[in-house]
Amino acid sequence: NAKDQGRDTFRFYSEHLTRQAFQNVLIDSALREAVAKKELHLAFQPQVINDSQTLLGLEVLLRWHHPTLGKVPPAQFIPQAERTGLIRNIGHWVLEQSCIQGSHWLAEGLEFGHLAVNVSAPQFRAEDFVAQVKKVLQDTQFPPEKLELELTESVLVRDTEALIESMHELRALGVMFAIDDFGTGYSSLSYLKRMPIDRLKLDKSFVDNIASDESDQIIAGAVLALGDALGVPVIAEGIEQDAQAQVLKGLGCTHFQGFLYGMPMYAPRTEVLLRSHKP
Ligand code: C2E
Ligand code: MG
Ligand code: MG
Ligand code: MG
């Protein structure tokens, strides 16, 4: 009867939640030790202008390889770290390591454009975030104008005034900003206009079927027009096939990132790429 069904449903959800909660606790405690145990690594993915003729920059993507959990994807552990606040420590580590690596490459005479580092909402919202970035730049001697911070629209929905102020403070040092996953969140266009933004990143979800889906083409065209109006280029994310690139080029897109142009690579392979691009 209905009562029993209700109970089964409850038991199903309860077991499901327990398993998920257990998994999260497992990930959380393992992640707390990951930095010290050297289980975290940076991967770098090329961003290119006009079909890989020019390297615009490298996006830094975090990788976690746990001895028993295996390779845990960022989509799994980043949201969890955002819930617990652990992302602030991890994000700081990523920023510091990125700047150390970047300074090392520059000292070797290797050019990479900029390093684009992802910053989560709780990290950007931390009261001392601007001071932290300044200190890391100073400690690592990484040129601020080679650092780009990627923020998603969701970072900017609350306390927008204060956050725009933080952006301007960092911009005064030379730091650049990209709006990541653009089109998936809610952005007030009047706020966008007041932000020191250098790039919009058209979300992969609009790129996936762009070769055949007319509404995706219309959305991409609108985002490109918005980029034009703001005076910033639009990077199309997640390009896997030439057909996607061709349609985007037809719409006026010139900046690309995706497996078609380069996979995320660890530092040694990235270095091989940079040496081959050396002017
Ligand atoms: P994101 O910042 O939008 O990064 C792009 C994601 O798309 C990366 O996934 C990248 O590997 C993937 N990607 C790039 N090109 C292609 C393609 O052609 N095809 C497909 N299928 N995928 C492509 P990844 O590395 O798994 O990261 C997922 C998300 O996790 C990132 O999305 C970002 O939101 C977050 N993340 C990664 N590293 C960090 C980090 O250091 N800090 C923070 N806060 N978040 C990070
Ligand atoms: Mg990103
Ligand atoms: Mg993205
Ligand atoms: Mg994303």
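What full-extension length gain, to one decimal in nm, is calculated for Ser212 and Glu111 as 0.36 nm per residue of separation minus the Cα-Cα distance?
Length gained between Ser212 and Glu111: 32.7 nm.
Taking θ as phi - 60°, what are the ³J(HN,Hα) couplings along the range 154-163 by the Karplus curve (6.51, -1.76, 1.60), each to the nearest whole Hz, with x for Gly and Pro?
Once rounded to whole Hz, the list reads 5, 4, 9, 6, 10, 6, 4, 4, 5, 6.
Counting other Cβ atoms within 10 Å, which trypsin sites (Lys or Arg not before Pro) in the range 118-161 have at most 14 and lie in a DSSP loop?
Arg158
Please calculate the 1.4 Å probe accessible area of Glu33, with all protein chains present, and give it to the nearest 10 Å².
90 Å²
Just the accessible area per residue of the chain, please: how many Å² with a 1.4 Å probe?
51 Å²
Mean projection of the alpha-carbon convex hull of the chain over all orientations, in nm²?
That works out to 18.1 nm².
Where a ≥ b ≥ c are the square roots of the eigenvalues of the C-alpha gyration tensor, would you call the range 133-279 rounded, which needs a/c under 1.5, or, failing that, prolate if a/b is larger than b/c, or oblate?
The shape class here is oblate.
Could you tell me what percent of the accessible area of the chain is made up of carbon and sulfur, with a 1.4 Å probe and every protein chain present?
54 percent
Percent relative contact order of the chain, based on C-alpha pairs within less than 8 angstrom and at least six residues apart?
18 percent
Report the charge-dipole magnitude of the chain in Debye, nearest 20, computed about the Cα centre from +1 at each Lys and Arg Cβ and -1 at each Asp and Glu Cβ.
On the way: 26 positive and 36 negative charges, 141 e Å.
In debye, rounded to 20, the chain gives about 680.
Just need the relative contact order of the range 82-186 here, percent rounded to a whole number, with Cα pairs under 8 Å and 6+ apart.
Here the relative contact order equals 29 percent.
Per residue of the range 110-126, in order, report the coupling 6.51 cos²θ - 1.76 cosθ + 1.60 (Karplus, θ = phi - 60°) as ³J(HN,Hα) in whole Hz, putting x for Gly and Pro.
Couplings: 9, 9, 9, x, 10, 9, 9, 10, 6, 10, 7, 3, x, 6, 5, 7, 4 Hz.
Starting from the Cα-Cα distance between Ser154 and Lys38, subtract it from 0.36 nm times their residue separation and give me the gain in nm to one decimal.
Result: 38.7 nm gained on full extension.
The values are calculated or read from the model by the stated rules, or taken from the named source; none is laboratory data. For clarity, every value in this text was computed on a predicted model and none was experimentally measured. Cβ: placed from backbone, ideal geometry, glycine included. Neighbour counts: every protein chain shown. What goes into the accessible areas is simple: the full protein's heavy atoms, side chains included, and nothing from ligands, DNA or RNA. Shrake-Rupley method; radii C 1.70, N 1.55, O 1.52, S 1.80 Å.
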